[in-house]
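Taking it in order: structure first as structure tokens, then the write-up.
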Amino acid sequence: MDAGGAGIDELRAQALAALAEADGAEARADWRAHWLGRGDGRLTLRLRALGDAPREERAALGKELNELKALLEREFGAREEDARTRAVAALSGEAAPDVTLPGRPWPAGRLHPVTQTLNDCVAVFAEMGFRTFEGPEVEWAAYNFDAVRIPEDHPARDMWDTIWIDTLIKGERRMLLRTHTSPNQIRAMERSEPPVRVIVPGKCYRQEATDATHEWMLTQLEGLAVDEGVRMSDLKGTLYAFARRLFGEDREIIFHHSYFPFVEPGVEMAIDCFLCRADGSACRTCHGTGWIEVLGAGMVHPEIIENAGYDSARHTGFAFGVGIERVAMLRWGIEDIRHFYQNDLRFLRQF
Ligand code: PHE
């Protein structure tokens, strides 16, 4: 018997009986406050009053009280746990979820292979000092065609089968989905004074019967550098660095003459076929030629420089346009461009 209250056994019996009767979360919380509350819980008060007990009993009494406190805390915890389990079970009867199972992790997302490739290309040119510039996907025919030297009835318009916007302006169709990013050569020059060094990433659209190498939507990266004294060798050096960064340090490049109305001279750049190494076999990528065409480029036509309000006697420039899907196909050996936009996760998850 300790002074000023019930014996330990009695205390224990009372507390456990009260806990057994405490029904519901609120009653349990009250019980806890009554017995174990920090300020005036019954056990807390008894522990605090230990100092008043006769010296020779103090140690043994303290030990018993502490053991009782630990017991009550344990019992309380067990009741709480019990209540939680029953609550969960009640949610769905027999098929209660097993809350001890580890959670399901969210699947990790990833960037689309075309986005990854575009980002890598942009990074290479950004390092070389090209700024990123963007233009509209719904474009004026005046920019998409006329400003880049493709007037109406010019046979070169047939190079880009166009998806037109039906809206008539003064009785004419004047808007379209841009067929290439080249109109942004003009837009970029209009917005700043030379020197200009920009890349323009973006989606382009063509009225196209799709096949393994043609899609009606494609991604291009346009490049434009205009300054005093820009020469063909600058174009070659820039694209050479690009090809090696993307396709391997031992890449060789070759320029074939080509025609685009907005450049003079115009070229197609090819890289040596890193798949068959020109061994004469029936390589599907280079068709046995040993060279893979990757982009169109050339020296900006003086008329384009003038159209943008620059002085073509002082300023020269180069431009290029890369098809990003094509780069991605070469990079990963993808044989059909249509895979990119069919949203088949089995394909997309590979990159
Ligand atoms: N705009 C051209 C195309 O879509 C590519 C190109 C860009 C060629 C710049 C030369 C210079 O095919």
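The values are calculated or read from the model by the stated rules, or taken from the named source; none is laboratory data. Not measured: the values here are computed from a predicted model. Reconstructed Cβ throughout: ideal geometry from the backbone, glycine too, with neighbour counts over all protein chains shown. These area figures cover heavy atoms from the full protein model, side chains too; ligands, DNA and RNA do not enter into them. Shrake-Rupley method; radii C 1.70, N 1.55, O 1.52, S 1.80 Å.
On a 0 to 90° scale, report how tilted helix 55-92 is relative to the longest principal axis of the chain, with both axes built from alpha carbons and the result rounded to the nearest 10.
Result, in degrees: 50.
Distance between the C-alpha centers of segment 205-268 and segment 41-63? Whole Å please.
Spelled out, the Cα-based centre of one part sits 89 Å from the other.
Please list THR132, THR162, THR285, THR100 in order of solvent-accessible area, largest first, computed with a 1.4 Å probe with all protein chains present. Walk me through the intermediate numbers first.
Working: THR132 70, THR162 25, THR285 50, THR100 115 Å².
Largest accessible area first, the residues go THR100, THR132, THR285, THR162.
Out of the total accessible area of the chain (probe 1.4 Å, heavy atoms of protein only), what percent is carbon and sulfur?
Numbers: 10110 of 19730 Å².
Using a 1.4 Å probe with all protein chains present, the chain comes out at 51 percent carbon and sulfur.
For ALA6 and LEU50, what is the calculated FRET efficiency with R₀ set at 25 Å and r taken between the beta-carbons, to the nearest 0.05? All intermediate terms of the calculation are to be shown ahead of the outcome.
Values: r = 15 Å, r/R0 = 0.61.
With a Förster radius of 25 Å, E is 0.95.
Under the rule that a partner needs its Cβ under 4.7 Å from the first Cβ, which Cys of the chain have none?
Lacking a cysteine Cβ partner under 4.7 Å: CYS121, CYS204.
Could you please put ASP250, ASP40, ASP120, ASP52 in sequence from largest to smallest accessible area, using a 1.4 Å probe? If you can, show how the numbers build up before the last one.
Details: ASP250 90, ASP40 110, ASP120 60, ASP52 130 Å².
Largest accessible area first, the list is ASP52, ASP40, ASP250, ASP120.
With the other protein chains left in place, how much accessible area per residue, in square angstrom, belongs to the chain at a 1.4 angstrom probe? List each step's numbers first, then the result.
Working: 19730 Å² over 351 residues.
Computed with neighbouring chains in place, this is 56 Å² per residue.
May I ask you to list the residues of segment 104-122 whose amide nitrogen lies under 19 Å from a point 7 Å from Cα along the Cα→beta-carbon direction of ARG84?
104
How many angstrom lie between the C-alpha centres of segment 104-140 and segment 286-351?
Cα centroid of segment 104-140 versus Cα centroid of segment 286-351: 14 Å apart.
In square angstrom, rounded to the nearest 10, how much accessible surface does ILE169 have for a 1.4 Å probe?
We get 50 Å² for ILE169.
Can you give the accessible area of LEU275, probe radius 1.4 Å, in Å² rounded to 10?
So the heavy atoms of LEU275 present about 90 Å² to solvent.
For a quick size check, give me the Cα extents of segment 113-348 along its three principal axes, largest first, whole Å.
Reported extents, whole Å, longest axis first: 53, 43, 30.
Positive end of the dipole of segment 1-150, charges at C-beta (+1 Lys, Arg; -1 Asp, Glu), about the Cα centre: which of LEU45, GLY77, ALA33 has its Cα farthest in that direction?
LEU45
Looking at ALA89, TRP332, ILE254, which one has the Cα that reaches farthest to the positive end of the dipole of the chain (charges on Cβ: Lys, Arg +1; Asp, Glu -1)?
ALA89
Dipole magnitude of the chain about its Cα centre, charges +1 at Lys/Arg Cβ and -1 at Asp/Glu Cβ only, in debye to the nearest 20? Write down the numbers at each step before the final one.
Details: 42 positive and 56 negative charges, 122 e Å.
In debye, rounded to 20, the chain gives about 580.
According to a simple spin-label model (label point 7 Å from Cα along Cα-to-Cβ), what is the distance in nm between GLU21 and ASP120?
Taking the two extended label points, one gets 7.6 nm.
With a 1.4 Å probe and all protein chains kept in place, how much accessible area does MET232 have, in Å² rounded to the nearest 10?
60 Å²
On a straight-distance basis, which aspartates and glutamates could pair with LYS236 in a cross-link, Cα separation under 13 angstrom, same-chain partners fewer than 8 positions away excluded?
GLU252, GLU268
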